[in-house]
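The values are calculated or read from the model by the stated rules, or taken from the named source; none is laboratory data. Here the structure is a predicted model, which means the values were calculated and not measured. Every residue, glycine among them, receives a Cβ derived from its backbone with ideal geometry; neighbour counts consider all protein chains shown.
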Amino acid sequence: MRSFRQYVLLATYIILLSMAFLNINWLSEQMSIMMTALNPIRNAIITAYLLNFMMSGLERYPLRAMATYSLRTKRWQRPVAIGLSYIITVAVVYGLVAVTIPELTTSFTLLMNRAPQLVSSLQQTVNQLMAELQLNDSLWLEIQRSVMSYLNQLPQFISESVTYFLSITGNIASSFATIIFDVGLGLIISVYFLAGKEQIGHQLSRIVVALLPDNWAKRLTYVSNLTVQSFNNYVYGRLLESLIVFSLTFFGMLVLQLPYAALISVIVTITNLIPYAGPVLGAVPSFFLIVVIDLRQAVLFLLLDIVVQQLEGNIIGPQIFSNALGLPGLWVIISLAIGGGLFGLFGLLIAAPVMTVIYALFTEYIDGRYRERMLAKGLPLPPPQEDSAEDVAGSQEADEPCAGNTEEARCEDERASHGSVSSNDVPKDINSQ
């Protein structure tokens, strides 16, 4: 009877899989519609996750006294922390936009007015360079003519770019209402996520315990803790990396006496959070800001930006993520290459933390198999690895103080890692982070 059920399940699975392959286009359309409908939920999860860092920091330090002063102030601690988190975020974004957009508009207008003068100046500079280096043979003359041809087309290219931008403004405006709706609804939902994150974590834990066997529930809880911790460490690493990029750019511009040092450093730092495309998105508007003042200073900025990006991408970034994630620098680069190649920008954003989880779990599995083989052969066991998956998952527990009632949740998780799983086994990072 049991074998018959297995055959029936296998046949049903094969039939469903065959129907899915035969209707793959219809399924893709339905999935696209579903993902579009879930955009506000996705935006809310991302917003709540990022703002949770600020909210938790406010609860632990500036607003910590509210939790112990009285019951009434304790009830207001979370709403005040959420409100301050949104106010600070909106103020920072508004300040950056209010400072950056007018400067870019003014610089772009001046660039349009001075384009013929800049082209003439660049032509004179190229001619002087050719004369000083005595590059008068036919090859260099051909290169000179090609360069001059491109420079003569620069004003037309700028004019066509402005025309194209104005032509797509209508399409952007037509979808503006949808964007506002998704963002607004996502912000509202994110408030509920932040306000009830402990309850949400507890409900998810109850579902896991109710539907899965004890060993599976323990394993899923452990993997979820490891995943959350890896993403938290990744965010901290990105912030540290951006701070280093800001420092290098700012002080480099001060040494070279380039204009707009603070503004351009902020632009480069923010766009640097976007993998691969971020350096280009930051360099282009910064170049336009400087080129209207002095072309040579703009060229110096490009050289400085190239040096900073090379240091950040090849030395600083891999080293920071190697220390923050417990992942070797080689695997950081490999994960970015694979994630970007398979999933584009989204893959680049999640590649390093996902690879950290895979690397930790695989290392744990290999270590376990190795110890089993050594015991089977009667050989002495090697000393335990310091960077095991458990250490990666809980590397910052001792350094991060608990807020509110999260100590009890953490102790529950510690008991769960050594014993059976109960309905109170909530992943600590869902509750306390």
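Name the single residue, out of those in region 92-113 being exposed (fewer than 15 other Cβ atoms within 10 Å of the Cβ) and in contact (Cβ under 8 Å) with a residue 40 or more places away in the chain, that is nearest to Phe288 (Cα to Cα).
Met112
So which of Ala44, Ala20 ends up being closer than 26 Å to Gly184 by Cβ, part of a helix (DSSP H, G or I) and not charged (D, E, K, R)?
Ala44
Taking Leu248 as meeting all but one of (1) more than 13 Å from Ser286 (Cβ to Cβ); (2) free of Cβ contacts under 8 Å to residues at least 12 places away in the same chain, write down the number of the exception.
Here Leu248 meets the rest and fails (2).
Looking at Pro102, Pro62, can you tell me which residue is of a type outside the set (Ser, Thr, Tyr) and outside any helix (DSSP H, G or I)?
Numbers: Pro102 fails: outside any helix (DSSP H, G or I).
None of the other options fit; the residue is Pro62.
Condition (residue is within 17 Å of the chain's Cα centre (by Cα), touching a residue at least 60 places away in the same chain (Cβ under 8 Å) and outside any helix (DSSP H, G or I)) applied to region 314-322: is it met by at least one residue?
Within region 314-322 (the criterion being within 17 Å of the chain's Cα centre (by Cα), touching a residue at least 60 places away in the same chain (Cβ under 8 Å) and outside any helix (DSSP H, G or I)), the answer is no, since none of the residues qualifies.
For region 241-285, how many residues are more than 24 Å from Gly341 (Cβ to Cβ) and surrounded by 16 or more Cβ atoms within 10 Å (Cβ to Cβ)?
21
Does Asn136 satisfy the criteria of being modelled with pLDDT under 85 and not in a helix (DSSP H, G or I)?
yes
List the number of the failed condition for Leu38; all other conditions in (1) more than 30 Å from Ser85 (Cα to Cα); (2) within 31 Å of the chain's Cα centre (by Cα) hold.
All conditions pass for Leu38, except number (1).
Is it true that Thr221 is among the polar types (S, T, N, Q) and either at pLDDT 85 or above or surrounded by 12 or more Cβ atoms within 10 Å (Cβ to Cβ) (or both)?
So Thr221 fits the description; yes.
For the structure I just gave you, tell me whether Val332 is assigned to a helix (DSSP H, G or I), among the β-branched types (Val, Ile, Thr), crowded, with 17+ Cβ neighbours inside 10 Å and modelled with pLDDT under 85.
Considered against the rule, which asks whether it is assigned to a helix (DSSP H, G or I), among the β-branched types (Val, Ile, Thr), crowded, with 17+ Cβ neighbours inside 10 Å and modelled with pLDDT under 85, Val332 comes out as yes.
Residue-wise test of (1) of a type in the set (Asp, Glu); (2) in contact with a helix residue (DSSP H, G or I) (Cβ under 7 Å, 6 or more places away or on another chain); (3) surrounded by 12 or more Cβ atoms within 10 Å (Cβ to Cβ); (4) closer than 25 Å to Phe231 by Cβ.
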residue	(1), (2), (3), (4)
Tyr13	no, no, no, no
Leu16	no, no, no, no
Ala20	no, yes, no, no
Glu29	yes, no, no, no
Ser32	no, no, no, no
Asn39	no, yes, yes, yes
Thr47	no, yes, yes, yes
Leu50	no, no, yes, yes
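Take the residues of region 259-309 that are of a type in the set (Ser, Thr, Tyr) and part of a loop (DSSP other than H, G, I, E, B): which is nearest to Leu345 (Cα to Cα)? It would help to see each step written out before you state the result.
Step one: filter region 259-309 for residues of a type in the set (Ser, Thr, Tyr), giving 260, 265, 269, 271, 276, 286.
Now narrow it down to the ones that are part of a loop (DSSP other than H, G, I, E, B): 260, 276.
Numbers: Tyr260: 29, Tyr276: 8 Å.
Top of the filtered list is Tyr276.
Residues that are in contact (Cβ under 8 Å) with a residue 40 or more places away in the chain and among the hydroxyl-bearing types (Ser, Thr, Tyr): does region 61-78 have at least one?
There is no residue in region 61-78 that is in contact (Cβ under 8 Å) with a residue 40 or more places away in the chain and among the hydroxyl-bearing types (Ser, Thr, Tyr).
Count, please, the residues in region 100-116 that happen to be polar (S, T, N, Q) and within 25 Å of Thr269 (Cβ to Cβ).
4
Taking region 224-255 as the search range and keeping residues that are farther than 13 Å from Val268 by Cα and among the β-branched types (Val, Ile, Thr), which one is modelled with the lowest pLDDT?
Val235
Can you name the condition, by its number, that Thr163 falls short on among (1) at pLDDT 75 or above; (2) under 21 Å from Pro285 (Cα atoms); (3) not aromatic (Phe, Trp, Tyr)?
(1)
Might you check whether a residue that is touching a residue at least 40 places away in the same chain (Cβ under 8 Å), within 30 Å of Leu289 (Cβ to Cβ) and polar (S, T, N, Q) occurs anywhere in region 204-226?
Scanning region 204-226, I find no residue that is touching a residue at least 40 places away in the same chain (Cβ under 8 Å), within 30 Å of Leu289 (Cβ to Cβ) and polar (S, T, N, Q), so the answer is no.
Just one of Phe362, Phe321 is surrounded by fewer than 17 Cβ atoms within 10 Å (Cβ to Cβ) and either at pLDDT 80 or above or under 19 Å from Tyr49 (Cβ atoms) (or both); which is it?
Unique residue meeting the criteria: Phe362.
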